[in-house]
Amino acid sequence: MRRFSFIFQFVFIALFLNGCFLANIFDLGPKIDLAKNNWKITSFTLGKETYTPNGYEEIPSLRFDTQELKLYGNTGCNAFFATYVWLDDQKLEMRNSGMTRKMCSEEAIRFEQKLMEEFDGDFEVHKEGKNLILKRENLQITLSPLEVSANTATPSNVENKN
């Protein structure tokens with residue numbers, strides 16, 4: 001009986017300490033599939049000012065690499081990147097963001113500088129219809145599915161590789 005108790009305790013502890021077991025029991029993962037789409041940056045609001053991209057070289061967009069926990073995007077002129085980590089099932093933290101620095105129109109530069117100004121930090125993530133909303137204190141980014149037709153050029157840095 002003592003031997004059975006020891007084996008039972010050992011197996012229970014081994015299973016309980018296994019992170020995958022805990023995640024599956026308590027479902028600690030995200031509720032939203034970020035990799036479902038490539039996302040077009042429809043607009044963002046920083047403070048009380050809303051920025052909407054118009055007439056840029058490329059469609060401002062991003063895609064989430066859920067395997068590597070990274071995101072890649074384009075502001076309409078320059079490419080940007082960041083890493084992220086889920087804090088809970090509806091909140092993620094963006095980290096280590098960066099961007100290329102090629103010359104763009106003044107409007108495109110202003111758009112990307114304002115977007116990246118507050119990009120690192122915690123964001124609440126939720127869906128509104130087909131749109132994805134990333135929101136934090138001063139910044140709300142509205143993303144919509146990037147629909148690419150045969151007549152539309154696909155931004156090379158947002159092709160889904162999943």
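The table for this structure:
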| item | result |
| --- | --- |
| Pairwise Lys count, segment 31-147 - Cα closer than 13 Å, eight or more residues apart or different chains | 9 |
| Relative packing of 43-55, 102-114, 71-83, which averages over residues the other C-beta atoms within 10 Å, highest first | 71-83, 102-114, 43-55 |
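Any read-out appearing in this document is the output of simple, stated calculations on the displayed coordinates, not a laboratory observation. Because the structure is a prediction, the values reported are computed rather than measured. Every residue, glycine as well, gets a Cβ built from its backbone with ideal geometry; the counts of neighbours run over all protein chains shown.
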